[in-house]
Amino acid sequence: TLDALQDSSKKQTITLSPAFIQAVKENMAYNDQDTTSWTSEERNKRTMELYNKIVNAQVEHKTLNKYVPTKADQTDKTRYDINNLPQEIKDELNYYVVDLINQMRRQLGLSDVVLSKTSFEFADKIAKEYLKVNFSNAMKESYYAKGGVGHYAKGVNKVAKEYGMPT
């Protein structure tokens, strides 16, 4: 009982490999550079070099990237209908993910992201757009085949417009 209580006060952690952190920081520094005097070929070459460095850092050092869940997370066998989550579970998931994102951002020297009521609503509306069209793996693959990135851009852009965001 004591172990369970002590563990419940702990939170999950995520640790990135030093090689990955370095590669991402190099990419961020590159993105901050003024490359207007570079040719498009030079920019494309450097972009691909940095992209490959990030990917290779992940692959080569994958054992150094660690996610450690809490014991409580590991033992919880509760199942939910993903399309009908109770609000308190949605809130908990949002805070859980933001905590992990912020742990990674701190390792990269970046400021934390913050959740707001609007961000909760925004994410919920986007999820509903995916549900409306019954978004599937086949649709995602179709978007990839057309040069997209696998997201339901029509739904995402529709919601973004509602919030006055660029699409």
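The values are calculated or read from the model by the stated rules, or taken from the named source; none is laboratory data. Note that the coordinates shown come from a computational prediction; the quantities given were computed from them, not determined experimentally. Positions of Cβ are generated from backbone atoms using ideal geometry, with glycine treated the same way; all protein chains shown enter the neighbour counts. The accessibility values were calculated without ligands, DNA or RNA, using every heavy atom of the protein model including side chains. Shrake-Rupley method; radii C 1.70, N 1.55, O 1.52, S 1.80 Å.
Computed quantities for the displayed model
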item: Accessible area of LYS25 in the full protein assembly, 1.4 Å probe (Å², nearest 10); result: 80 Å²
item: Of all accessible heavy-atom area on the chain, the percent that carbon and sulfur account for (1.4 Å); result: 56 percent
item: Three semi-axes of the equivalent ellipsoid, the chain, Cα gyration tensor, whole Å, largest first; result: 32, 26, 16
item: Size of electric dipole in the chain: Cβ of Lys, Arg +1 and of Asp, Glu -1, about Cα centre, debye, nearest 20; result: 340 debye
item: Local net charge near VAL159, Cβ-Cβ under 12 Å (Lys/Arg +1, Asp/Glu -1); result: +2
item: Where labels lie 7 Å past Cα in the beta-carbon direction, separation of ASP76 and MET165 in nm; result: 2.5 nm
item: Per residue accessible area of the chain, 1.4 Å probe, in Å²; result: 73 Å²
item: Area accessible to solvent at ARG46, 1.4 Å probe radius, in Å²; result: 80 Å²
item: Residue order for THR167, THR78, THR35 - accessible surface, 1.4 angstrom probe, largest first; result: THR167, THR78, THR35
item: Whichever aspartates and glutamates have a C-alpha closer than 13 Å to that of LYS125, once near sequence neighbours (fewer than 8 apart) are set aside; result: GLU162
item: Average Cα contact separation per residue, the chain, under 8 Å, 6 or more apart, as relative contact order %; result: 25 percent
